[in-house]
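Okay, so here's the structure we're looking at.
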Amino acid sequence: MLVSKSVIDITREGNIPITSAYRKVKELKEYGLLKVDRIILTPEGKKFEMVRSTIRSASVLFDKGTLDVDVTESVEADEKMVKRFFALREVK
């Protein structure tokens, strides 16, 4: 299971400037590589997003001028159940 994180968590773990982190997170969300898992409202009234990757794993192989990328999506439990339900309906 992938864990959602705030941009602040990401900056601390990656030791990167906060403005760069916000810019990169915004880009990754636009490309669909990150998604908002939930929004948290602090007691002070501030809200911030918890984001997580939409990719479970990725491998890249460069061999003799050929680039091969294999990506496995991260599927949430509820999405898995819906897919199983419709897969069962198709089997008759």
Can you spot a residue in region 63-71 that is of a type in the set (D, E, K, R), farther than 15 Å from ILE10 by Cα and in contact with a Leu (Cβ under 7 Å, 6 or more places away or on another chain)? yes
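Quick one: in region 47-60, of everything that is of a type in the set (D, E, K, R) and modelled with pLDDT of 90 or more, which residue is farthest from the chain's Cα centre (by Cα)?
Taking region 47-60 and keeping what is of a type in the set (D, E, K, R), we get 47, 49, 52, 56.
The next check asks that each one be modelled with pLDDT of 90 or more; those that pass are 47, 49, 52.
Details: LYS47: 19, GLU49: 12, ARG52: 4 Å.
Per the criteria, the residue is LYS47.
The values are calculated or read from the model by the stated rules, or taken from the named source; none is laboratory data. Because the structure is a prediction, the values reported are computed rather than measured. Here the Cβ is made from the backbone with ideal geometry for all residues, glycine too, and neighbour counts use every protein chain on show.
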